[in-house]
Amino acid sequence: MLFNSYIFIFLFLPVALTGYALLKRTGATLPKVWLIGMSLWFYGYFNIGYLAIMVCSILSNYLIYLWMRSAGRKRPVLVLGVTGNILLLVYYKYFDFLTECANAVLKTDFPLRNILLPLGISFFTFQQIGFLADTYRGEAPECTFVDYALFVSFFPQLIAGPIADCGSMMPQYALIGPKSGFDREKFRRGMVIFIAGLASKVLVADTFGKSVDHAYATVSSINSSEAILAILFYALQLYYDFNGYCNMAIGLGLMFGIDIPVNFDSPYKSHNIIEFWKRWHITLNKFLTRNVYIPLGGSRKGEARTYVNLMLVFLISGIWHGAGFNFIIWGLMHGVMYVTVRLLKRFAHIECDKAFSHAVTFIFICIAWVFFRAEDTGEALALLKRVIDGGWALPGEAFLKGFNSGEFWYALKVLHLTDTGIGRYLIMLLFTVATLAVTFLAPNALKVTEKMKYRTGYGVLLGVVFVWCVLSLSGVSTFLYFNF
Amino acid sequence: MRQDRDKGFVIAFIITVVAGLLTAGALTVIVDPFFHYHAPLKDFPYVVDDQVDMNPGLAAHMDYDSVLLGSSMTVAFDTDRFGEKMGLKTQKLSYNGAYPKDQEIILSKIYKAKGSSLKRVFLGIDELNYSCDTEQTKFPVTDYLYDDDPFNDVKYIWNKTVLLDYVLRPVADRSDKSDWNMIYKPWWQPMHYNLANVRLYYTPAEEAEDETPTDDYIAGIEANLNVNIIPYIEAHPETMYTVFYPPYSILYWYDAKRQGQIDKIIAKYDYMTRRLLEYDNVEVYFFQNDEDIICDFDNYADHTHYSPQVCDYMVDCMASGRRRVTTESLDEELETLRRLAYDYDYDSIDL
């Protein structure tokens, strides 16, 4: 089930909230069981077959947790648990990729299995690995099976993160019960953040997405301007897509009185790649730091080893995002940039002009996203090649389709530009500039709502935005991060 | 004081949402631009340009006694001419690039609405599309407009595209209003039907030998006829099925020649025609070998799509019986086509 769907907004969410509010009066266990049940429905709605995989994963990890506790946090038990999780991930996410690699290297002909990737498997697998590692380190609080199942399956964060750590979630689950009451302030803020996320996804990300999809579907025939715009538009599409999902997750959590960790903090405002990774997918970065970088020695084993460790972290990040060499290249590009910036800071003591470093960082990120979006490395290189040899011409009508319908037509009508050729270019330009201005200059929804005064006028404005979003849901698209 | 202001925020939000959604939903249901609930309003300037989304509604709620089915080869027909020549009230229900499954789906909607009162089906068959998988549709069908589930109608009722582009926009700009007899008409104007325009879109096919055995094509056609077309012909002897093969230009046959497909295509026509003519309620019209049409590029906007005048001529033929083919005359028609396709002086075309 998608957050941006009629069934979620008009059926699932009201039922989940009402049941939770009613059951909270009965004690601590039933509301949690209710949330787990609703989360299983949420997950099973995508594909009932996925549900068994997730349930088995939760059960087996909880057994490992119990074993680790009873055996005195022995390392072999941790290794067993982590290996089991990684094997699950490798099978479902990387089997075909590894088979293709083996066939290419060994000149064999092992058949591919075309395994359907269970949604969110990377997220709930990493979250459980993090939990086992925290348990091994003695940092995880004791928890019941119900609390653990809720920790893994809680629907707002199940499909595309954040990768929550037990230290921030379990204490909140412990408070669920008759005494926790209804936090009106949190609910209202959650509602505002959820609608802001919905708007980010359906009004902004999906508009850019139409041009991006067209460009990548016709890479061999796009011109240079379309290729450049496709690179920029995908950077904006992914930003507002992931921002939308993260906001919706946080908003939903708040409606249930739960604070979900911040995962996205205006990352394109970053002045260098190090700052970017403190703002983009924050919880994945934290996970990799705690569970890969530090165990590898972090920065404690000398300069050279530090940079090797950093490159390994970005390699794993690339592989985690997808099974393909394009994702590996994307990860390594970020790794190289990260190490370069760190070296410059460490040895050259170069202080760049802020605007310059901001621009360089943003352009680098945009180019790296090409490898992230493309089906494979060949397609990514083909698109980049079109920037140079695509020939200069204005973007075509098909590329601008997303800017030439619906509400945009009325804007052109008001401006008396419906019958002129420049209308759609003007709309594209205004929409893109406005989006970039908000991206670089405006505070994000979390910050805005921290000090928001809930005036009547804002209620009307929020209502209008919500209605606009609901009317836009019929062209539903999935979140880009669902498949990672 | 703060509490009152907060209450105002919540109430304002709820009122705005309820009012907004009710208004949007009501406008869509009243105008019903995809005819999902009722026939078109008398004076509303409907824009009828979305075949996949509008055909089921048109089939269900329009007033007609015959239908015109087929691919983009049928969109230039003026349905009023069927009335003038044959006294029929014909509804156009074309699907661009239609596969047999598309025809099956819309036939089921047509018979659900009209039952045995349907007098005639004019069915344009493109042999190229009849060898595909029997369950394949050209485009995904829109679930909420094709199924009977009332709950997923929410995707229609609260739909920004429907509301802005098909309910409000026609009112704001009546210039796109569709003529009911010419719905789905191509954008080409009379000045576009000439060799210069054909040349714009046409690139000769690569020379290659088609390796697919003719029997494989025939098997595909047989399966599609058996699954998607013939069950309706058999179940409705009261309906006359007028099948016609759209006349592509001679350049279509140039491509077929370059790819070694002429005999295979002719074999397909042979099989299809004989199979369909086994039924008393089927008649077949053969225009493929009509030199006056297919060798004159003033009839074409590209190498396959012909002009409204050609459509008028075909309607006239279907009314008079001219160019109707029988099992007895089929061999001769196909032989004429074979000779034309092989022997035409393609070098004389100024490509």
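Couple of notes before you dig in:
- Between B:Tyr166, B:Tyr241, B:Tyr37, the residue with the greatest mean-square fluctuation in the GNM of chain B (Cα pairs under 10 Å linked by springs) is B:Tyr37.
- Charge dipole magnitude, Cβ of K and R +1, D and E -1 - the range A:6-180, Cα centre, debye nearest 20: 380 debye
- Listed residue (A:Ala249, A:Leu66, A:Val433) projecting farthest to the positive dipole end of chain A, Cβ model: A:Leu66
- Value at 222 nm in deg cm²/dmol, rounded to 500, when DSSP H runs of n ≥ 4 in chain A each add -39,500 (n - 2.57): -20500 deg cm²/dmol
- Positive-end residue of B:Ala12, A:Thr377, A:Phe325, charge dipole of the protein assembly as shown with Cβ unit charges: B:Ala12
- Taking 0.36 nm per residue of sequence separation and removing the Cα-Cα distance, the B:Asp298/B:Met191 pair yields an extension gain of 37.6 nm.
- Value of [θ]222 nm, deg cm²/dmol, for chain B, DSSP H segments ≥ 4, -39500 (n - 2.57) each, nearest 500: -13000 deg cm²/dmol
- For the residues of B:164-176, the average number of beta carbons from a partner chain within 10 Å of their own beta carbon is 2.
- What you get for chain B, charging only the Cβ of Lys and Arg (+1) and of Asp and Glu (-1), is a dipole of about 1860 debye around the Cα centre.
- Axial C-alpha extent at least 24 Å, average Kyte-Doolittle at least -1.0 - helices from chain B (DSSP): B:2-31
- Residues of type lysines that A:Lys179 reaches as a straight line, Cα spacing below 16 Å, ignoring anything fewer than 8 places off in the same chain: A:Lys24, A:Lys32
- Cross-link partners for A:Lys286 among the aspartates and glutamates, with Cα-Cα distance under 18 Å and sequence neighbours closer than 8 places in the same chain left out: A:Asp134, A:Glu139, A:Asp165, A:Asp259, A:Asp265, A:Glu275.
- Each of A:Leu288, A:Leu461 was scored by other Cβ atoms within 10 Å of its Cβ. Arranged with the fewest first, they read A:Leu461, A:Leu288.
- Net charge, A:Leu11 excluded, C-beta distance under 15 Å - Lys, Arg +1, Asp, Glu -1: -1
- Excluding same-chain neighbours fewer than eight residues apart, the lysines reachable from B:Lys42 by a Cα-Cα span under 16 Å are B:Lys177.
- About its Cα centre, the dipole of the protein assembly as shown is roughly 6520 debye, where the only charges are +1 on Lys and Arg Cβ and -1 on Asp and Glu Cβ.
Coordinate-derived values only; no laboratory data. Remember, it's a predicted structure, so these values are computed and weren't measured experimentally. Don't worry about glycine lacking a Cβ; one is built from the backbone with ideal geometry, like all the others, and counts go over all protein chains shown.
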